[in-house]
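Participant: Would you mind keeping the following structure in view while I ask a few things?
Derivation of every value follows stated rules applied to the coordinates shown; laboratory data play no part. Note that the structure is predicted; figures quoted are calculated from it, not measured. Here the Cβ is made from the backbone with ideal geometry for all residues, glycine too, and neighbour counts use every protein chain on show.
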Amino acid sequence: VENNESEWLVRALKGDDEAFAQIVESYQKPVYNLCYRMLGNPSDAEDAAQESFLRAYKSLKRYDTDRSFATWLLSIASHYCIDQHRKRRLDTLSVDDEQHAWLEPPDPGLTPEAALHLSEKQEQVRELLDTLAPKDRSAVIMRYWYDYSYEEIAESLVITVSAVKSRLHRARRELANCWQTMQPSNLSVDRLHPERMQNESPAF
Amino acid sequence: MNHLPFEIWLLSEEPLSTEDSQALQDHLQECEQCSRLREAWSGVEVLFADVPEIEPQPGFVNRWQERLESNRQMEKFIRYRWQSWIMLIGIANAAALTLVLLGAQFLNTYDSLMDYLLTWVYRGAATLTLFNGIQEIIFTLFRTIPGAIPLGGWIVLLFVLGGAVVAWIYSMFKLTSMPRRASQ
């Protein structure tokens, strides 16, 4: 895939739109997921993901090939979503979600019970992430969904590594507090993954 | 009770030394607050690990290509608008420059606005004098010509003009009374 990616990038840099469309095809899922986690609804996530790819396309000539393309692309998406959060604070108009119902994430083909269970978990994740400041949220998403290192998060968010550590620590504290307030509606950790309780944190 | 180092350790991803790990375990045995924090953070971690990545609706790439095309059209429109504005500003500048040049020419030809007005007054007066001269010539002709023609000449002239009028009336009558052709 990386070889293909390099080839697509070279062709896209020469102005081949089809090559960039291949890049969009490969990265649509991580970019959309990041936007969805950041913004919390499918219509905003779709718009942000589309816009992120458009911005990447326009600034492709500025992309440093020594860097990871995924990191660069997610950095663009992340900054766009942070900007959207700032605008939301100014904009009091609400989006009619029913109008964008078709943008709801596709059904992953689960049984109704499993789909409901998954939907509840997704809602819990959304509620948890909603408690965080946009930049903290972005750092958490990069860390826990994309396994980014502190250095990669720092590079993406244009902050220092120590600032990343500080933001992640604060975010964990807030998430844990929010989790406690969400109880007992939450699923019990022991019931979900009893084996993880033994060694879920590097602290143990 | 001081929770500070334990809270930091609980939420840290850095590995702990054996002594620190033991101290944390001992603290958790007796501190309910830190135990709850530990359980809560574990719950969050498990939840995060448990939810899959969310996919966009099918056709994302096609929608992106449409957006790219629409964006290009918009950029083209904005570019044309800018070009139109630049052209309009250019034309306005050219018109202003022309006016300035004409003004300069005007100032070179006439020393002042009063000179310019006087020139037009002179031209108007000359035109009126010309019309007056033509009028005088026509009046002179009307006064002199009737005395120069004898009575017989006037009678012949009257008959010729009367015959011409009769011929004109007759031809007009014949033309209007001719049957019209059916239009095709």
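Participant: Taking every residue in A:110-121, how many Cβ atoms of other protein chains lie within 10 Å of its Cβ, on average?
Facilitator: Mean shielding count: 1.
Participant: Using only the Cα atoms of the stretch B:80-184, build the gyration tensor, take square roots of its eigenvalues as a ≥ b ≥ c, and label the shape rounded, prolate or oblate: rounded if a/c is under 1.5, else prolate if a/b is larger than b/c, else oblate.
Facilitator: Here the stretch B:80-184 falls in the oblate category.
Participant: Something else: Give me the orientation-averaged projected area of the Cα convex hull of the protein assembly as shown, in nm², one decimal.
Facilitator: 50.3
Participant: Compute the separation of the alpha-carbon centres of the stretch A:20-43 and the stretch B:69-115 and state it in Å as a whole number.
Facilitator: Comparing the Cα centres of the stretch A:20-43 and the stretch B:69-115, I get a distance of 48 Å.
Participant: Under a GNM of chain B (C-alpha, springs under 10 Å), which listed residue has the highest mean-square fluctuation: B:L128, B:L141, B:L37?
Facilitator: Between B:L128, B:L141, B:L37, it is B:L37 that shows the largest mean-square fluctuation.
Participant: Let me ask something else. Tilt of helix B:151-177 relative to the longest C-alpha principal axis of chain B, in degrees (0 to 90, nearest 10)?
Facilitator: In chain B, helix B:151-177 runs at an angle near 50 degrees to the longest axis.
Participant: While we're on this one: Hey, with R₀ at 22 Å, roughly what FRET efficiency would B:N62 and A:D16 work out to, going by the Cβ-Cβ distance, to 0.05?
Facilitator: Using R0 = 22 Å, I get an efficiency of 0.80.
Participant: To continue, here is another question. When the scattering of the stretch B:1-156 is computed by the Debye formula from its Cα atoms alone, each counted once and equally, what is log10 I(q)/I(0) at q = 0.15 Å⁻¹?
Facilitator: -1.01
Participant: For B:L4, A:L168, which order do you get if you count the other beta carbons within 10 Å of each Cβ and list the fewest first?
Facilitator: Going from least to most buried by this count: B:L4, A:L168.
Participant: Could I ask something else about it? Just to check I understand the Karplus step: with θ = phi - 60° and J = 6.51 cos²θ - 1.76 cosθ + 1.60, what whole-Hz values come out for the stretch B:64-74, glycine and proline as x?
Facilitator: Once θ is set to phi - 60°, the couplings for the stretch B:64-74 become 5, 5, 5, 5, 4, 5, 4, 5, 5, 4, 5 Hz.
Participant: Next question, about the same structure. By counting other Cβ atoms within 10 Å of each Cβ, how are B:F48, B:F131 ranked from fewest to most?
Facilitator: B:F131, B:F48
Participant: What is the angle, in °, between the Cα long axis of helix B:18-30 and the longest principal axis of the Cα atoms in chain B? Nearest 10 is fine, range 0 to 90.
Facilitator: Value to nearest ten degrees: 90.
Participant: Have a look at B:A125, B:A148, B:A104 and tell me which one the Gaussian network model of chain B (Cα, springs below 10 Å) gives the largest fluctuation.
Facilitator: B:A148
Participant: Another question, if that's okay. Specify the residue with the greatest mean-square fluctuation among B:W64, B:W85, B:W41, computed from a Gaussian network of chain B linking alpha-carbon atoms under 10 Å apart.
Facilitator: B:W41
Participant: Do any trypsin sites (Lys or Arg not before Pro) in the stretch A:49-84 lie in a loop, going by DSSP, with at most 16 other beta-carbon atoms within 10 Å of their beta carbon, and if so which?
Facilitator: Here the trypsin sites (Lys or Arg not before Pro) that fit, given the DSSP loop and packing criteria, are A:R67.
Participant: So how do A:R167, B:R123 line up by other beta-carbon neighbours within 10 Å, fewest first?
Facilitator: With the fewest neighbours first, A:R167, B:R123 line up as B:R123, A:R167.
Participant: Hey, another quick one. Count, for each residue of B:31-43, the Cβ atoms from other chains sitting within 10 Å of its Cβ, then give me the mean as a whole number.
Facilitator: 6
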